[in-house]
Amino acid sequence: MTDGAAPALQLDDLKVAYRVRGKDRPVLRGISLTIGRGESYGLVGESGCGKSTTALAVVGYLPSNGRVISGSIRVAGREVVGLEGNALRRLRAKDLSMVYQNPGQALNPSIRIGDQVAEVFRIGGAQHADALRRAQQALGKVQIADPGSVMTRYPHQLSGGMQQRVVIAMALASDPALLILDEPTTSLDATIEAEVLDLIQHLQQEFHSSVLFISHNLGVIAKMCERVGVLYAGRLVEEGPVQAVLNEPRHPYTVGLLRCVPRGGVRKDRGRLDTIPGFMASIEEQLPPCVFADRCALAQEICRTEEPPMHWVTKDHGSRCHFHEKAQDLPRVMSSELGKPLIVDRAVTPLLKVDDLAKRFNQHGRQITALAGVSGAIWPGETLGLVGESGSGKTTFAQTLLGLVSPSRGTVELNGRVLPPRLFDRTQTDVRVLQIVFQNPDSALNRRHSVRRILRRALKKLAGITGATADKRLVELTGAVRLAQRYLNVRPNQLSGGLKQRVAIARAFAGEPRLVICDEPTSSLDVSVQAAILNLLVELQAERKVAYLFISHDLGVVRYISDRIAVLYLGRLMEVGPAEVVFGAPHHPYTEALLSAVPTIDGGGRDRIKLAGEIPSAAAPPTGCVFHTRCHRFLGKICEEVEPPLVEVEAGHQMSCHIPLEELRRLQSEPREVATGEAL
Ligand code: SF4
Ligand code: SF4
């Protein structure tokens, strides 16, 4: 029996182990936490800290080699450790719901949406017709505009944001005592993420749901949660009200995590990001009494002999650190001082120049305009950040530069020379000079080869270097990307995500490129690893004067690394300008909306601008200004009928909007917009 007055979730000294190589390896080392009724609790920490294991233990889905060693898990007052069979199924059907990162995997691709949602009501005892009626109501509650039509569709016919709404509707259908959200918006665009987060907040208020929110994104946690717990190596090292923990952290790990995130307007020319030394311990490692001691710059002898108890700084803010009062004095790992700043000279011939670049595809008999005439330039040593939602044309633009896709119109010039459109027709030098680093390093690295072989092949292919010269260059190259020599003999799958990305960067740099396209290079990395990779890219740029086209959905990261920013929408440039100008007001209405969608650690971005609907199909782009169907500053007929040209509105700042710059400045001068832009 569940108890309506008991907390939604109570973990008491929960210990979970995975059996690996014949031994039980601790994954959760005594977690205690309580989530009250109607409360929203965030769990943060990097990969391997135990966030997902906590959720899986609660819903009874631990992998076959995992088991609860001791401790208790109570959902609405009912002990769930040891529940099996029907009792466990009833608990999952009635009291617990979980929403995962990838909504596509949670939905059955061969069953219509209506039947899938209705199934949840049928399990709860509803008759067929009643279940369908309630399914339609549930879809309406998650703000799906035309639930009747969505009921008849299959999952693949819905966008990622719509799929996640359906999954949330199913999760809430049983009115669960506890809703577990495991990175529910990580795979979504910022604007869609903001909508889904708003929806979850709204539903939480309506249903008074209790939520366990798991995320690596501290901004999302700041927006969504009242309290937060910071996990490290299976230990809850800090816990408290979200603003107290994020603004006044009392554990060195929390302090380190927060310093890794580019925010508060920090930029590459104003200081390096700090990182956390070392790596998260592997599951097989023996840990000292303070699980963070091996990576903590404040560690003393006592940290290796006595386990720190939870010290309560206030009645509800605790830190498991012997020296919690000194946590914020944690010495920086990276000196914030910079080397000589790299001055970008835009009076010289651009390194890369694109002129009226367009690409039309034929997809199932329909013409898709992925790029509609993009012009611009990148100079030696500069970083151009490229932002926009999925479907904006970012990837097609990068592929066209690389010659992987031939443009339908327009040219790409490198050092003043027009490049052949197809990679196949380009010279070895063209290939060497223009390289790419992907989001997923696995796609660039041959899993069967050692790191040494991968890099030697790249040196041979891109720089024509072999033999002893290659060995010498190999040492220089690995040194440049701060990759220890001992990794040369291992294969990529034996490396962590951050080390793999270093190998991928070394590979791209083997031929001394002049322009590297960085396609979401840090999106799949933890924040401490992301900070180290961003620092590395900045250092390589300063040393070698290499230019980057940096594609990312993370506007904080783009702001940190970019000299200039280009904003794409439906294959057209909406705005291009110096990073500080584009991020500060006045900016294009689309940029304004993108910036307001980002949840920030400092609590900005709460009053976001709601864009109507999702990005329209590139097969039938709107007339006039392509952004007019969603624009919150829409002027009327002129926006519907006349496409605004991309014009220079001030020195180095181009924009495509019918509203004059001064008018935009006035409109955007209200405190809300300034605050959201500045908070990043
Ligand atoms: S107890 Fe010691 S090692 Fe652990 S976090 Fe605190 S200072 Fe660092
Ligand atoms: S031209 Fe009109 S629709 Fe387009 S961004 Fe400007 S105000 Fe909005």
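The values are calculated or read from the model by the stated rules, or taken from the named source; none is laboratory data. Given the structure is predicted, the values throughout are model-derived calculations rather than measurements. No Cβ is skipped: glycine too gets one built from the backbone with ideal geometry, and neighbour counts run over all protein chains shown. Protein only, heavy atoms only, side chains kept; ligands, DNA and RNA dropped before computing areas. Shrake-Rupley method; radii C 1.70, N 1.55, O 1.52, S 1.80 Å.
Here are the numbers for this structure:
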quantity: Amide H within-cut-off set for ILE436, under 5 Å, with H built and near neighbours excluded; calculated: ILE517
quantity: Within the accessible area of the chain (1.4 Å probe), percent carbon and sulfur; calculated: 50
quantity: Solvent-accessible area of ILE609 with every protein chain in place, 1.4 Å probe, in Å² to the nearest 10; calculated: 10
quantity: Residues whose placed amide H lies under 5 Å from that of THR600, excluding near-sequence neighbours; calculated: none
quantity: Average Cα contact separation per residue, the chain, under 8 Å, 6 or more apart, as relative contact order %; calculated: 12
quantity: Scattering profile of the range 245-329 at q = 0.12 Å⁻¹ [log10 I(q)/I(0), Debye over alpha-carbon scatterers]; calculated: -0.41
quantity: Which of THR191, THR395 is most accessible, then next, and so on - probe 1.4 Å; calculated: THR395, THR191
quantity: Convex hull volume of the chain per residue (C-alpha atoms, cubic angstrom); calculated: 175
quantity: Where ARG25, ARG153, ARG482 fall by accessible area, highest first, once all protein chains stay in place (1.4 Å); calculated: ARG482, ARG153, ARG25
quantity: Antiparallel DSSP beta bridges within the chain, percent to nearest 5; calculated: 65
quantity: Mean separation of Cα contacts under 8 Å (6+ apart) over length of the range 245-329, as relative contact order %; calculated: 35
quantity: Accessible area per residue in Å² at 1.4 Å probe, computed on the range 568-679; calculated: 41
quantity: FRET efficiency, 1/(1 + (r/R0)^6) with R0 22 Å, evaluated for ASP345 and THR411 via beta carbons; calculated: 0.40
quantity: Cα→Cβ-extended label distance, 7 Å offset, between THR469 and GLU640, nm; calculated: 6.6
quantity: ARG452 accessible area, 1.4 Å probe, all protein chains in place, Å² to nearest 10; calculated: 80
quantity: Order of exposure, largest accessible area first, which applies to TRP379, TRP312 with probe 1.4 Å; calculated: TRP312, TRP379
quantity: Cβ-based charge dipole, the range 198-290, positive-most Cα from SER210, MET224, ASN247; calculated: ASN247
quantity: Cα coordinate range in the range 545-599, projected on the principal axes (Å, largest first); calculated: 33, 25, 19
quantity: Extension gain from SER496 to ASP329, taking 0.36 nm per residue of separation minus the Cα-Cα distance; calculated: 57.2 nm
quantity: Rounded to the nearest 20 debye, dipole of the range 517-673 from Cβ charges on Lys, Arg, Asp, Glu; calculated: 220
quantity: Derived scalar couplings ³J(HN,Hα) [the range 227-237; Karplus, 6.51 cos²θ - 1.76 cosθ + 1.60; whole Hz; x for Gly, Pro]; calculated: 10, 9, x, 9, 9, 9, 6, x, 10, 7, 8
quantity: Inter-probe distance in nm under a simple model that places probes 7 Å from Cα toward Cβ, at ARG422 and ARG267; calculated: 4.2
quantity: Potential extension, GLU663-GLN300 segment - 0.36 nm per residue separation minus Cα distance; calculated: 124.8 nm
quantity: Between the range 123-177 and the range 601-670, the Cα center-to-center distance that results, in Å; calculated: 33
quantity: Contact order relative to length of the range 540-592, as percent, for alpha carbon pairs under 8 angstrom and 6 or more apart; calculated: 21
quantity: Accessible area of MET98 in the full protein assembly, 1.4 Å probe (Å², nearest 10); calculated: 30
quantity: Separation in nanometres of the label points that stand 7 Å from Cα toward Cβ, at GLU226 and GLN105; calculated: 3.1
quantity: Too-long pairs where the Cα-Cα distance tops 23 Å, listed order kept, from LYS268/LYS460; LYS15/LYS51; LYS141/LYS610; LYS353/LYS394; LYS394/LYS461; calculated: LYS268/LYS460; LYS394/LYS461
quantity: Rg/Rh (Cα only; Kirkwood hydrodynamic radius) as it applies to the range 568-679; calculated: 0.95
quantity: Solvent-accessible area per residue, Å², over the range 245-329 with all protein chains present [probe radius 1.4 Å]; calculated: 48
